[in-house]
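Report on the following structure.
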Amino acid sequence: MPIYAYRCSACGHAEDIMQKMNAAPFTECPACHQATFSKQLTAPGFQLKGSGWYASDFKSRPSAPKEEAAPAAATPCGGSCACH
């Protein structure tokens, strides 16, 4: 069930309420009992993370891992002989 943010325009009381999507919205404030309690527009309470379809299906092509070349000075001969 989704959680909806409500706020009273009369007294300012705010509350998050879990209710079914097809349930009628609350109108009476639980603090002041006025009929000024209404749903607020909020950001969704979830984030899509990880390597799901949204990260992999719409890319033009997968990026290949870059190879790092070993520095020439790391070899005993400095990279100037045919042994490497």
Report task. Output the peptides 10-23, 28-41 sorted from most to least packed, where packing is the average of other Cβ atoms within 10 Å over each peptide's residues. Result -> 28-41, 10-23
Requested in this report: Pull out the extension gain between His13 and Thr36, defined as 0.36 nm times the separation in residues minus the alpha carbon to alpha carbon distance; nm, one decimal.
Outcome: 7.3 nm
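Read the figures in this text as sums done on the coordinates, not as results from a lab. Predicted, not measured: the structure shown is a model, and the values here were computed from it. Counting neighbours? That spans all protein chains shown, and the Cβs are built from the backbone with ideal geometry, glycine included.
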